[in-house]
Structures are given as structure tokens and as C-alpha cells.
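Visitor: Provided herewith is a single structure, encoded as C-alpha cells, for subsequent inquiry.
Just so you know, all these numbers are worked out from the coordinates, no wet-lab data involved. Everything quoted here is computed from the prediction, not taken from an experiment. Virtual Cβ from ideal backbone geometry, glycine too; neighbours counted across all protein chains shown.
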Amino acid sequence: MLRKPRPHHRSHRPARGATLLEVLIAVLIMAVGLLGIAALQSVSLRNTQGASERSNAVIQSYAMFDMLRANRDAARAGSYDEGWRCEVPEDLTNRIDADRARWITQLQDSMGPTACGRVTCGAVQCEVGVRWDDSRATGGDDTHELVTESRL
């Protein structure tokens with residue numbers, strides 16, 4: 001007896017692979033994640049810049065304290081006292097002006113041309129201030145000031 005061939009039936013197995021929509025959604029999620037990583041990296045670099053400038057301000061403050069201790073009598077007499085100075089002194093005929101010029105030059109070399117410094121000394125203690133533009137680190141126009149005190 002001859003059998004009749006059966007008609008071909010398609011099986012109802014699930015489709016293999018991903019649809020175009022699933023691929024597009026996966027690419028979108030990955031793109032958002034990568035943009036988030038890039039933004040995090042940018043913020044991290046800005047914060048690192050700000051921390052570096054604060055460290056430089058502390059280092060430069062201690063450099064001035066060393067100059068003050070080296071010329072202790074003049075510092076205690078108030079010869080180094082000066083308000084905010086942003087320009088390098090041009091008259092270097094005495095040690096005090098030479099110290100100021102060296103300090104402001106080092107300050108601006110390490111922190112940028114907007115850096116300024118000030119010194120106020122009493123009979124026993126001196127205060128050194130450093131001010132600089134921190135807009136690169138903060139993303140805006142922001143001036144930071146660091147004031148440190150030390151005994152002579």
C-alpha cells in the first residue's frame with residue numbers, strides 16, 4: 001500500500017537570533033552608559049586639577065614661610081607685610097623684594113598667571129595667603145583663597 005506524502009508543515013519553534021528592535025535598544029543603552037562614563041571622566045579630571053592647584057598653593061605658602069624664617073628679624077619687623085600682590089616686583093635691590101619676586105614668580109609658574117599672594121607678620125606668627133583662579137576646576141568663574149599661619 002502506498003502512502004500519500006504528507007504536506008510539509010512548519011514547526012512552531014521560536015525564532016532564533018535578535019530582532020532589529022532588540023539590537024537598537026541594546027545599542028542605545030550602551031551609548032547612554034558610555035556617555036555617562038565620559039562625563040564621569042571629565043568631572044574626575046576637573047577635580048584632580050583643583051586638588052593639584054590647592055596642593056601647589058600649600059607648597060608655595062611653605063616656600064614663603066621658609067623665606068620668612070631665613071630673614072626672621074625683618075619678617076618680625078613687618079618688612080615683608082604686603083597686601084595682595086599679583087605682579088612680580090621689578091626693584092630687586094634688597095633681599096625682601098628679591099624674596100617677593102622669587103615667590104610671586106614661583107606662584108604664577110605653578111598656579112597660572114592669575115595667582116596672587118600676601119604676607120602679614122606679627123611678633124611671633126605670620127600669615128601667608130594665596131589666591132588663584134580655579135575656574136578650570138570648578139567649571140565657572142571661581143577664585144579660591146588659601147590662608148596658612150605659622151610661628152616664626
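Visitor: Just to be sure, is GLU90 touching a strand residue (DSSP E or B) at 6+ places or on another chain (Cβ under 9 Å), over 16 Å from GLN49 (Cα atoms) and either in a strand (DSSP E or B) or of a type outside the set (Ser, Thr, Tyr) (or both)? Outline the logic, then answer.
Guide: Numbers: touching a strand residue (DSSP E or B) at 6+ places or on another chain (Cβ under 9 Å): no; over 16 Å from GLN49 (Cα atoms): yes; either in a strand (DSSP E or B) or of a type outside the set (Ser, Thr, Tyr) (or both): yes.
So GLU90 fails the test.
Visitor: Within the stretch 96-139, how many residues are within 16 Å of the chain's Cα centre (by Cα) and crowded, with 17+ Cβ neighbours inside 10 Å? Write out each step before concluding.
Guide: As a first pass, look at the stretch 96-139 and keep what is within 16 Å of the chain's Cα centre (by Cα): 107-115, 130-139.
Cutting the leftovers down to crowded, with 17+ Cβ neighbours inside 10 Å gives us 107-108, 110-111, 115, 130-134, 137.
Looking only at that region, the number is 11.
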